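Here's the structure we're looking at; comments come further down.
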Amino acid sequence: MASMTIHGLDDGLIQRLRMRAAAHGHSMEDEARHILRTALASSEPVARNLADAIRTRLLSVGVVELDIPSREPIRELRDFTP
């Protein structure tokens, strides 16, 4: 089994981990292991690109019909010749 060291954790985060571990009757290491296992166990599909990520996020909203405004004709180009 692999080991890992995490540097740069702020004191507040360590204190919250210590309190959470004590509340669950675990060591800090066991609690951190449990948190990682739980966080990484979710089977959310990984979006392949930004459009897929947006589509997945908006599925709960349902279909939204938007009015497409009519387009105006292109105006004449100015003649800048002297």
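The values are calculated or read from the model by the stated rules, or taken from the named source; none is laboratory data. Bear in mind the structure is a predicted one, so any value in this text is a computation, not a measurement. Protein only, heavy atoms only, side chains kept; ligands, DNA and RNA dropped before computing areas. Shrake-Rupley method; radii C 1.70, N 1.55, O 1.52, S 1.80 Å.
What to note about this one:
- Within the listed set S60, S70, S27, the residue fluctuating most in the Gaussian network model of the chain (springs between alpha-carbon atoms under 10 angstrom) is S70.
- P(r) histogram, all alpha-carbon pairs of the chain included - 10 Å bins from 0, percent: 11, 22, 16, 19, 10, 8, 9, 4, 0
- The chain, accessible surface, carbon-and-sulfur percent (1.4 angstrom probe): 58 percent
- The chain: calculated mean residue ellipticity at 222 nm from DSSP helix runs of at least 4, using -39500 (n - 2.57): -14000 deg cm²/dmol
- Among D67, D30, D52, residue whose mean-square fluctuation peaks in a GNM of the chain (springs only between Cα atoms under 10 Å): D67
- Span-rule helices in the chain, defined as complete DSSP H runs reaching 15 Å or more along the axis (Cα) with Kyte mean at least -0.5: 11-24, 28-41
- Solvent-accessible surface of the range 8-82, averaged per residue with a 1.4 angstrom probe and all protein chains in place: 104 square angstrom.
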